[in-house]
């Protein structure tokens, strides 16, 4: 689409500053900026470049296609790890552009080694261990069974075992007993691989939450994701500002319609909201097709997802629709069509944040930014507002 009455403005300087802040929280480790899912909705390539400008030494992308896209866009300096793929993935293409690959299952080792033979270069692999999350990864028993095969492939020159890694289930609850239990399983896995003769370049376990709250999990490399974009992974323990982070994304729109209505006027589908007095309604041309969560609809007794209009903080009135939401601007409103509405931003001026929307919708800030619809254009600026 060439034109849309709303946009997401991403401050690349904020992303760079957040990486520097995260590095300060983990001074003994390198930083891998995770840019999966289109950099959590912020734009894959420009966000990756901003993270590198902030000092990230690695990039991480879940899907092989995302990682290949980084290389083809000219991001050639840092190591890039990709980790989530199924049989038949284009691993030879990944190796041809110098990506590191995770091995999370016995079949994956076979396919990676085959791809390496096709390309004619060893594959740099990170052995992924399921230390208790129950998602992707080798169980400790599988790791023990696969390790001899991995070492034979290394001796042959098909692979190079450069890392061991895992992911925490309760990193956002640092004192949860599973955190310590997973740390021990991970330490045992690292010891097993090293004792078998592998010379590891990196051991990595910490996501955003562990980067900020669990120094013992930092090892050689930390893998912050949501924190790179300025959102707190542990809002119950501290806001973005408490951790020295600045939200990088602002989502804004123009009012499409402003009109007076009488008291008792129903608003949006099913009239979950009825105007309690003569008032003025404003229509914001964004809806659930654009990522505005329907669970943040407003009712007569419950203020919906927050927006800022004319310096005032208001809420969605009535149900969120596919393409629009309605805001009760109040009887004294002076706004006109075309005036700016902020759905969320960095909150510095008291406006709503992605975390506020998460609370309104009963979800997490990760979902708010990553669900932003494809038709919402992204523009990238620096803190001084230069394009």
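Taking region 2-59 as the region of interest, the helices (runs of 4 or more DSSP H) fully inside it that hold 2 or more residues being over 18 Å from residue 99 (Cα atoms) are 12-25, 44-53.
Just one of (1) assigned to a strand (DSSP E or B); (2) crowded, with 19+ Cβ neighbours inside 10 Å fails for residue 320. It is (1).
Per-residue answers, yes or no, for (1) touching a strand residue (DSSP E or B) at 6+ places or on another chain (Cβ under 6 Å); (2) touching a residue at least 60 places away in the same chain (Cβ under 8 Å):
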residue: 112; (1), (2): yes, no
residue: 128; (1), (2): yes, no
residue: 149; (1), (2): no, no
residue: 177; (1), (2): no, no
residue: 189; (1), (2): yes, yes
residue: 206; (1), (2): yes, yes
residue: 218; (1), (2): yes, yes
residue: 221; (1), (2): yes, yes
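So, residue 53, is that one in contact with a helix residue (DSSP H, G or I) (Cβ under 9 Å, 6 or more places away or on another chain) and within 30 Å of residue 108 (Cβ to Cβ) or not? It is false that residue 53 is in contact with a helix residue (DSSP H, G or I) (Cβ under 9 Å, 6 or more places away or on another chain) and within 30 Å of residue 108 (Cβ to Cβ).
Has region 209-224 got at least one residue that is modelled with pLDDT of 95 or more, farther than 30 Å from residue 146 by Cβ and surrounded by fewer than 20 Cβ atoms within 10 Å (Cβ to Cβ)? Yes: one or more hits. Does residue 8 meet the test of being over 23 Å from residue 343 (Cβ atoms) and either free of Cβ contacts under 8 Å to residues at least 60 places away in the same chain or in contact with a strand residue (DSSP E or B) (Cβ under 7 Å, 6 or more places away or on another chain) (or both)? No; evaluated as a whole, the condition is false for this residue.
When 199, 218, 176 are screened for being in the same structural domain as residue 120 (by TED's automatic domain parsing) and within 30 Å of residue 348 (Cβ to Cβ), only 218 passes. Scanning region 202-232 for residues that are more than 11 Å from the chain's Cα centre (by Cα) and assigned to a helix (DSSP H, G or I) gives 209, 210, 211, 212, 213, 215, 216, 217.
A count restricted to region 143-179 and to residues that are farther than 23 Å from residue 100 by Cβ, out of contact with any helix residue (DSSP H, G or I) (no Cβ under 9 Å at 6 or more places or on another chain) and in a helix (DSSP H, G or I) stands at 2. Among the conditions (1) over 23 Å from residue 255 (Cβ atoms); (2) more than 14 Å from the chain's Cα centre (by Cα), residue 367 misses just one, which is (2). Every test in (1) touching a residue at least 40 places away in the same chain (Cβ under 8 Å); (2) more than 19 Å from residue 113 (Cβ to Cβ) is passed by residue 158 save one, and that test is (2). Look at (1) assigned to a loop (DSSP other than H, G, I, E, B); (2) without any contact (Cβ under 8 Å) to a residue 40 or more places away in the chain; (3) surrounded by fewer than 17 Cβ atoms within 10 Å (Cβ to Cβ) and you find that residue 298 fails only one, number (3).
The values are calculated or read from the model by the stated rules, or taken from the named source; none is laboratory data. Keep in mind it's a predicted model, so treat the numbers as computed, not measured. As a convention, Cβ positions derive from the backbone with ideal geometry for all residues, glycine included, and neighbour counts pool all protein chains shown.
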